[in-house]
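Notes follow once the structure below has been shown.
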Amino acid sequence: ETGVTQSPTHLIKTRGQQVTLRCSSQSGHNTVSWYQQALGQGPQFIFQYYREEENGRGNFPPRFSGLQFPNYSSELNVNALELDDSALYLCASSLTSGGKNIQYFGAGTRLSVL
Amino acid sequence: DAKTTQPPSMDCAEGRAANLPCNHSTISGNEYVYWYRQIHSQGPQYIIHGLKNNETNEMASLIITEDRKSSTLILPHATLRDTAVYYCIVRVNAGGTSYGKLTFGQGTILTVHP
């Protein structure tokens, strides 16, 4: 158990809809990262939040956005869903301190876009 | 982040040591080697990381060559529950304004058989 929880575990949406995924960080962690994992592929970095500010972004369009709250929990929002957005979405929390940053992952949210 | 190369698959007998190689010939002096594994349908699990010295924890040992161009993850007594995809990742540790994304490749599928 990593102490990182994600909700919901599964979600079905239709093309064009919007979705919000949630992540609760491990206690004491100040950094949250989001990854997308398509079937049969390794996770791909979407973005990272550190102390409520976006602190790095991968090659994902602006319709992927996020928030980090004062308690360091986080949301991933995806607008105008496309069929290719179907994937496992993973949240990882970490403590950025003194150059050390071990990311601990949640179990993920499985999103299906029909 | 430097690129890593891993064999696509490996087999190991239960109770034997599993030695998983990783090539990272373009690694920079400030890049660490991280290992994660992902059991089917779960989030990636942190195993171990190191800079240049060999490391050992309760899960595994990490052997990094002197020139740091390759490393080996050793599971000393593999069990059936160690069957997973193992990812070798090279990255700079986060600090200050930098961010510590993890760049996952395809990994090595380790199958432990009875």
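The values are calculated or read from the model by the stated rules, or taken from the named source; none is laboratory data. What you are looking at is a predicted structure, and each value in this text was computed from that prediction instead of being measured. Virtual Cβ from ideal backbone geometry, glycine too; neighbours counted across all protein chains shown. Heavy atoms of the whole protein, side chains included, go into the accessibility calculation; ligands, DNA and RNA do not. Shrake-Rupley method; radii C 1.70, N 1.55, O 1.52, S 1.80 Å.
From the list B:S9, B:S70, which residue is open to solvent by 50 Å² or more (accessible area, probe 1.4 Å) and not hydrophobic (A, V, I, L, M, F, W, C)? Can you show your working first?
Details: B:S70 fails: open to solvent by 50 Å² or more (accessible area, probe 1.4 Å).
After applying the criteria, what remains is B:S9.
When A:Q17 is evaluated against the numbered criteria (1) in contact with a helix residue (DSSP H, G or I) (Cβ under 9 Å, 6 or more places away or on another chain); (2) over 23 Å from B:W35 (Cα atoms), which criterion, by number, is the only one it fails?
Only one criterion in (1) in contact with a helix residue (DSSP H, G or I) (Cβ under 9 Å, 6 or more places away or on another chain); (2) over 23 Å from B:W35 (Cα atoms) is unmet by A:Q17, namely (1).
Can you name every residue in the stretch A:68-83 that is open to solvent by 80 Å² or more (accessible area, probe 1.4 Å) and within 23 Å of A:T14 (Cα to Cα)?
Step one: filter the stretch A:68-83 for residues open to solvent by 80 Å² or more (accessible area, probe 1.4 Å), giving A:70-71, A:82-83.
Once the filter is applied, which keeps residues that are open to solvent by 80 Å² or more (accessible area, probe 1.4 Å) and within 23 Å of A:T14 (Cα to Cα), the stretch A:68-83 yields A:E82, A:L83.
Filter the stretch B:73-114 down to the residues that are in contact with a Pro (Cβ under 9 Å, 6 or more places away or on another chain), open to solvent by 70 Å² or more (accessible area, probe 1.4 Å) and modelled with pLDDT of 95 or more and list them by number.
Selection gives B:L80, B:I109.
Mind telling me which of the residues A:S94, A:S86 ends up being open to solvent by 20 Å² or more (accessible area, probe 1.4 Å) and either closer than 14 Å to A:V4 by Cα or in contact with a strand residue (DSSP E or B) (Cβ under 8 Å, 6 or more places away or on another chain) (or both)?
Working: A:S94 fails: open to solvent by 20 Å² or more (accessible area, probe 1.4 Å).
Going through A:S94, A:S86 in turn, just one is open to solvent by 20 Å² or more (accessible area, probe 1.4 Å) and either closer than 14 Å to A:V4 by Cα or in contact with a strand residue (DSSP E or B) (Cβ under 8 Å, 6 or more places away or on another chain) (or both): A:S86.
Please go through the stretch B:58-84 and give me each residue that is over 16 Å from B:T108 (Cα atoms) and either in contact with a Cys (Cβ under 9 Å, 6 or more places away or on another chain) or not aliphatic (A, V, I, L, M) (or both), ordered by number.
B:E58, B:S61, B:T65, B:E66, B:D67, B:R68, B:K69, B:P76, B:H77, B:T79
Tell me which residues, restricted to the stretch A:1-37, are more than 10 Å from chain B (Cβ to nearest Cβ) and of a type in the set (G, A, S).
Once the filter is applied, which keeps residues that are more than 10 Å from chain B (Cβ to nearest Cβ) and of a type in the set (G, A, S), the stretch A:1-37 yields A:G3, A:S7, A:G16, A:S24, A:S25, A:S27, A:G28.
If A:S27 satisfies every condition in (1) touching a strand residue (DSSP E or B) at 6+ places or on another chain (Cβ under 8 Å); (2) part of a loop (DSSP other than H, G, I, E, B); (3) at pLDDT below 95 but one, which is the exception?
Result: A:S27 fails condition (1) only.
Among the numbered criteria (1) closer than 23 Å to A:L39 by Cβ; (2) within 14 Å of chain A (Cβ to nearest Cβ); (3) of a type outside the set (F, W, Y), which single criterion is violated by B:P7?
(2)
What's the total number of residues in the stretch A:43-53 that are under 11 Å from A:L67 (Cα atoms) and either open to solvent by less than 80 Å² (accessible area, probe 1.4 Å) or assigned to a strand (DSSP E or B) (or both)? It would help to see each step written out before you state the result.
Initial filter on the stretch A:43-53 (under 11 Å from A:L67 (Cα atoms)): A:47-53.
Right, trim to either open to solvent by less than 80 Å² (accessible area, probe 1.4 Å) or assigned to a strand (DSSP E or B) (or both) and you get A:47-50, A:53.
Count: 5.
Just one of the numbered conditions (1) within 9 Å of chain B (Cβ to nearest Cβ); (2) modelled with pLDDT under 95 is not true of A:L95; which one?
(1)
When you go through A:G56, A:G40 one by one, which is the residue that is within 14 Å of chain B (Cβ to nearest Cβ) and in a loop (DSSP other than H, G, I, E, B)? Walk me through how you get there before you give the answer.
Details: A:G56 fails: in a loop (DSSP other than H, G, I, E, B).
Going through A:G56, A:G40 in turn, just one is within 14 Å of chain B (Cβ to nearest Cβ) and in a loop (DSSP other than H, G, I, E, B): A:G40.
Looking at the stretch B:47-61 only, could you name the residues that are part of a strand (DSSP E or B), open to solvent by less than 10 Å² (accessible area, probe 1.4 Å) and under 14 Å from B:R37 (Cα atoms)?
Step one: of the stretch B:47-61, the residues part of a strand (DSSP E or B) are B:47-50, B:55-56, B:61.
In the following step, the residues that additionally are open to solvent by less than 10 Å² (accessible area, probe 1.4 Å) were identified as B:47-48, B:50.
B:I47, B:I48, listed by residue number.
Conditions (1) facing chain B (nearest Cβ under 8 Å); (2) in contact (Cβ under 8 Å) with a residue 60 or more places away in the chain, marked per residue:
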{"residue": "A:S74", "(1), (2)": "no, no"}
{"residue": "A:L83", "(1), (2)": "no, yes"}
{"residue": "A:I102", "(1), (2)": "yes, no"}
{"residue": "A:G106", "(1), (2)": "yes, yes"}
